[in-house]
Amino acid sequence: MSKQQGRHFLNIPGPSPVPDRVLRAMDMPVIDHRSAEFAELGKQVFEGCQKIFKTKGPVIVFPSSGTGAWEAAIVNTLSPGDKVLMVETGHFATLWQQMAKRWGLDVEFLPGDWRHGASPTEIEEKLRGDKSHAIKAVMVVHNETSTGVTSRVGEIRAALDRVDHPALLLVDTISSLGSVDFKHDEWKVDVTVSCSQKGFMLPPGLGFNAVSDKARAASKTNKMPRSYWDWEEMLKPNANGFFPYTPATNLLYGLKEAISMMLEEGLDNVFARHKRLAAATRAAVTHWGLEVLCQEPEEYSPVLTAVLMPPGHNADEFRKVTLEKYNISLGSGLSKVAGKVFRIGHLGECNELTLLGALSGVEMGMTAAGVPHRAGGVDAAMKSLEDADKSNAPTHLKMVKP
Ligand SMILES: *Cc1c(COP(=O)(O)O)cnc(C)c1O
């Protein structure tokens, strides 16, 4: 590593940069997790999570990565041999599908081109054809972090309702929660899976399951073996603010602070900010003459933008140059799109100027790496932000505290 001054730009789509306020909140002595003081923290965190997931039901917090929370969703609701419907939106949907298979589920994996979200129409057709209700769950990734495509979960819910299908709806919101609007209760999602290091702006280490009554009822009779991930083991002590085992105490301090930050800004403002930054990023990409991987404007991700490299140029070599010269980390292309795309994360603690800094790094990096592009993408991004600012004046005024 060369010696570089100033802050590293962590523009991968998770882990995302941790705000100073969250870092300071975690810089605390570890307390007794059986104490009254801890119970207070536990209760505040569980209540706060309900606001972010938009649910009145329980949100379970595991000391785990997002992958652990995926597993918890499966083992608490389904039984070996159960049929589930999943959609190949990209790398993460593929990994979750592999996990489902390892747990003995009979997965129908609708193929995808990695440039579109899960199609509500296609899901509706599959469910309509399933007269015997063999499909026990529909499992989708809300924001596919490998492609920068956001699936329309509200419409998928509507599709289930139209055919009156009783399947559970399990949704991975690992990279969307806290950045893209998501309504666990209103969309009747049964298990919402998430984790700490993306929209929540925390270090890695917490996995979440928001659980509907229907999912909890399924957990009483399903047949998957589990111990560490068992919801009931968690929910009993959680009711009083406690955990059945040692929790990630200091991450919980951070979680409490991150939730406060999101609620102070206002969730709608948080979502609008992400959309604004994403639109500016696409303005830059388009100006450079490069192509955004997502092909459906309705599904552009507010969290990250995946960009196709011009033919003959390798994304990883380009990323290496930008890291060495400008101290910025960009996301790599994963599995099917390795070397072909790079990803610009614009989530969590990101604002107009940090985004413009990152885009400057990308543009200068392209020059340095000899990647053909039209100069001036950063100007196009500035123009996009200025235009958004004009049309968004009332939202901005609301953000100023009295
Ligand atoms: C990051 C990510 C995961 C994996 O989470 P880990 O914390 O790395 O286990 C799963 N799904 C999506 C959509 C992600 O972005």
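Taking +1 at the Cβ of each Lys and Arg and -1 at the Cβ of each Asp and Glu, which of Val193, Ala25, His133 sits farthest along the dipole of the chain towards its positive end, judged by Cα position relative to the Cα centre?
Value: Ala25.
To the nearest 10 degrees, how steeply does helix 91-102 sit against the main Cα axis of the chain, on a 0 to 90 scale?
Once rounded, the angle reads 30 degrees.
For a protection proxy built on the mean count of beta-carbon atoms within 10 angstrom, sort 20-29, 250-259, 225-234 highest first, please.
250-259, 225-234, 20-29
Asp113 to Arg24: FRET efficiency via 1/(1 + (r/R0)^6), r the Cβ-Cβ distance, R0 30 Å, to the nearest 0.05?
Result of the calculation: an efficiency of 0.10.
Compute the signed sum of charges (Lys and Arg +1, Asp and Glu -1) over the other residues within less than 14 Å, Cβ to Cβ, of Asp230.
Overall, the nearby charge balance is +2.
Two-decimal Rg/Rh of the stretch 138-297 from alpha-carbon positions, Kirkwood Rh?
Ratio of gyration radius to Kirkwood radius: 1.01.
So how strong a dipole does the chain carry about its Cα centre when Lys and Arg Cβ are +1 and Asp and Glu Cβ are -1, to the nearest 20 debye?
For this selection, approximately 280 debye.
If I model a spin label as a point 7 Å beyond the Cα along the Cα-Cβ vector, how far apart are those points for Lys325 and Glu186 in nm?
Taking the simple label geometry, Lys325 and Glu186 are separated by 4.5 nm.
Sum up the charges of everything whose Cβ sits under 13 Å from the Cβ of Gly254, counting Lys and Arg as +1 and Asp and Glu as -1, but leave Gly254 out.
Overall, the nearby charge balance is -1.
Ordered by packing density, taken as the mean number of other Cβ atoms within 10 Å over each peptide's residues, highest first, how do 7-13, 65-71, 111-117 rank?
Going by the mean number of other Cβ atoms within 10 Å, highest first, we get 65-71, 7-13, 111-117.
What is the gain in length, in nm to one decimal, between Ala134 and Lys3 on full extension, counting 0.36 nm per residue of separation less the C-alpha to C-alpha distance?
41.3 nm
Can you give the local net charge around Thr367? Use residues other than it whose beta-carbon is closer than 12 angstrom to its beta-carbon, Lys and Arg +1, Asp and Glu -1.
+1
So what's the gap between the Cα centers of the stretch 183-219 and the stretch 243-310, to the nearest angstrom?
Here the two parts' Cα centres lie 17 Å apart.
Report, in deg cm²/dmol and to the nearest 500, the calculated mean residue ellipticity at 222 nm for the chain, where each DSSP H run with n ≥ 4 adds -39500 (n - 2.57) and the sum is divided by the residue count.
-14000 deg cm²/dmol
I'd like to compare 310-319, 46-55: which one has the highest average count of other Cβ atoms within 10 Å, and what's the full order after that?
Those peptides, ordered most packed to least, come out 46-55, 310-319.
Put +1 on the Cβ of each Lys and Arg and -1 on the Cβ of each Asp and Glu in the stretch 20-263; which of Thr150, Ala215, Val107 then has its Cα farthest toward the positive end of the dipole?
Value: Ala215.
To the nearest 10 degrees, how steeply does helix 267-288 sit against the main Cα axis of the chain, on a 0 to 90 scale?
40
Looking only at the chain, where both bridge partners belong to it, what percent of the DSSP beta bridges are antiparallel (to the nearest 5)?
50
Evaluate the chain: find the radius of gyration of its Cα atoms, find its Kirkwood radius, and give the ratio Rg to Rh.
Using only Cα positions, Rg/Rh for the chain is 0.97.
Quick check for me: using +1 on Lys/Arg Cβ and -1 on Asp/Glu Cβ, what's the dipole size of the stretch 97-180 about its Cα centre, in debye to the nearest 20?
140
Which angle between 0 and 90 degrees, to the nearest 10, do you get for helix 120-129 versus the longest principal axis of the chain when only C-alpha atoms count?
Compared with the principal axis, the helix lies near 30 degrees.
Which value, in debye to the nearest 20, describes the size of the charge dipole of the stretch 294-351 about its Cα centre when Lys and Arg Cβ atoms bear +1, Asp and Glu Cβ atoms bear -1, and nothing else is charged?
About 280 debye.
Laboratory data are not the source of any read-out in this text; all were calculated from the coordinates shown. The structure presented is a predicted model; accordingly, all values stated were derived computationally and were not measured. Backbone-built Cβ (ideal geometry, glycine too); neighbour counts: all protein chains shown.
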